[in-house]
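Q: Quick one: the structure is below, and I'll ask about it shortly.
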Amino acid sequence: MSPRLRHLTTLENLPRETIERLLDRAEALRDACAHGTRKLDVLVGRTVLNLFFEPSTRTRTSFELAARRLGADVINFDIGLSSTSKGEELFDTLHTLEAMHMDAIIVRHKQSGTPDELVRHAMSGVSVINAGDGNHAHPTQGLLDALTIRQHRPDFENLSVVICGDIKHSRVARSDINALSTLGVKEIRLCGPAELMPTTEDVPQGRRVDDFDQAIKDADAVIMLRLQKERMASIDLPDEAAYFTHFGLDRRRLALAAKGCLVMHPGPINRGIEIASDIADGAQSRILEQVGNGVFVRMAVLNEVLAR
Ligand code: NCD
């Protein structure tokens, strides 16, 4: 059996067995909750800290809910963007919080690599979980996206999955690519404007397809990404109407995909920019399922790093 994780900062290089164990556990937790169990006591007496240096709705709430459902205590520590610049402050914060005997720190930070830095500086006994760092990784999102696809299409070896949009700035895309390629997805296609595509050095996996009509042809799942303007130089900012014309998911384009193609988006969605409203709310949309699965995946991860 692959060793139990102490920290989760990325899905890169995680063995397939570890990813499958987390997905299986998330599924078991989902089944338990479907049968009426709302609260377990596996993490009673443990304290989890949400340390978010960037705004978040879904991720923070679902980590909090996940921790509470496992019986842990949760502290939310919101830090204004203004105090993020000095590395020293971060480690002071870390050590202060450790002195209060936190068991796990869930961190989101605009700087790629911050969770790994925390792992290097963390004193013994505290687990670090990455809730999104810069454009580097968002491992629980990668897991919940894989779980959402697996629920409908467990035959990964037959699947073509398209990731479309601002891939260059997307930690979600990187973690999705890591999860899906490790799980043996047949083909991952990457599509987006040239200026928002990562170099092959940066992201080696995935077949680049410039034209969205071609990229989505016969696809089994399409993951749409938000234009992450906060991470773009103004020169990269596309005109929104033109963007939708070339890279927006609408009814016509979805009809080019395989029948029943899963429509996914990590949220927050920009209706009419990367996805048409009727598609976001349509029968093929799995967007709210992704949100629901996020809670179970985060329960599985907390259980993995914290259970005694
Ligand atoms: C994503 C994020 O913050 O990386 N959102 C999320 O966690 N659900 C994607 C985004 O902000 O576009």
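The values are calculated or read from the model by the stated rules, or taken from the named source; none is laboratory data. Small disclaimer: the values here were computed from a predicted structure and weren't measured. Cβ: placed from backbone, ideal geometry, glycine included. Neighbour counts: every protein chain shown.
Q: Identify the single condition in (1) more than 16 Å from the ligand (Cβ to nearest atom); (2) within 21 Å of the chain's Cα centre (by Cα); (3) closer than 24 Å to Leu22 by Cβ; (4) not polar (S, T, N, Q) that Asp155 does not satisfy, given that it satisfies every other one.
A: Exception for Asp155: condition (2).
Q: Further, regarding this structure: I need every pair where a residue in region 48-64 that is within 22 Å of Phe91 (Cβ to Cβ) and within 9 Å of the ligand (Cβ to nearest atom) has its Cβ under 9 Å from the Cβ of a residue that is modelled with pLDDT under 95 and β-branched (Val, Ile, Thr), sequence separation at least 6 or different chains.
A: The qualifying pairs are Glu54/Thr84.
Q: Take the residues in region 31-79 that are part of a loop (DSSP other than H, G, I, E, B) and within 16 Å of the chain's Cα centre (by Cα); name whichever of them is farthest from Ser112 (Cα to Cα). First the steps, then the outcome.
A: Step one: filter region 31-79 for residues part of a loop (DSSP other than H, G, I, E, B), giving 35-46, 53-57, 70-72, 79.
Narrowing the set further to residues that are within 16 Å of the chain's Cα centre (by Cα) leaves 54-57.
On the way: Glu54: 12, Pro55: 15, Ser56: 16, Thr57: 20 Å.
Selected residue: Thr57.
Q: Return the residue satisfying two criteria in turn: it lies in region 250-274 and is within 14 Å of the ligand (Cβ to nearest atom) and over 17 Å from Val172 (Cα atoms), and of such residues it is surrounded by the most Cβ atoms within 10 Å (Cβ to Cβ).
A: Ile273
Q: Moving to a separate point now. Select from region 87-121 the residues that are at pLDDT below 90, touching a helix residue (DSSP H, G or I) at 6+ places or on another chain (Cβ under 9 Å) and among the charged types (D, E, K, R) and list them in ascending order. Working first, answer last.
A: Keep residues of region 87-121 that are at pLDDT below 90, which gives 87-101, 121.
With touching a helix residue (DSSP H, G or I) at 6+ places or on another chain (Cβ under 9 Å) added as a condition, the list becomes 87, 89-91, 93-95, 121.
Correct list: Glu89 only.
Q: Continuing with this model, one more query. Kindly list, by first and then second residue, each pair from a residue in region 142-164 that is more than 20 Å from Leu190 (Cβ to Cβ) to a residue that is surrounded by fewer than 23 Cβ atoms within 10 Å (Cβ to Cβ), limited to pairs with Cβ atoms under 6 Å and residues at least 6 apart or on different chains.
A: These pairs meet every condition: Leu147/Leu23.
Q: Kindly evaluate Leu225 against the criterion of being closer than 24 Å to Ala179 by Cα, within 16 Å of the ligand (Cβ to nearest atom) and either surrounded by fewer than 17 Cβ atoms within 10 Å (Cβ to Cβ) or without any contact (Cβ under 8 Å) to a residue 12 or more places away in the chain (or both).
A: Working: closer than 24 Å to Ala179 by Cα: yes; within 16 Å of the ligand (Cβ to nearest atom): yes; either surrounded by fewer than 17 Cβ atoms within 10 Å (Cβ to Cβ) or without any contact (Cβ under 8 Å) to a residue 12 or more places away in the chain (or both): no.
Spelling it out, it is not the case that Leu225 is closer than 24 Å to Ala179 by Cα, within 16 Å of the ligand (Cβ to nearest atom) and either surrounded by fewer than 17 Cβ atoms within 10 Å (Cβ to Cβ) or without any contact (Cβ under 8 Å) to a residue 12 or more places away in the chain (or both).
Q: Among (1) under 23 Å from Met264 (Cβ atoms); (2) in contact (Cβ under 8 Å) with a residue 24 or more places away in the chain; (3) more than 16 Å from the ligand (Cβ to nearest atom), where does Gly71 come up short?
A: In the conditions (1) under 23 Å from Met264 (Cβ atoms); (2) in contact (Cβ under 8 Å) with a residue 24 or more places away in the chain; (3) more than 16 Å from the ligand (Cβ to nearest atom), Gly71 misses (1) alone.
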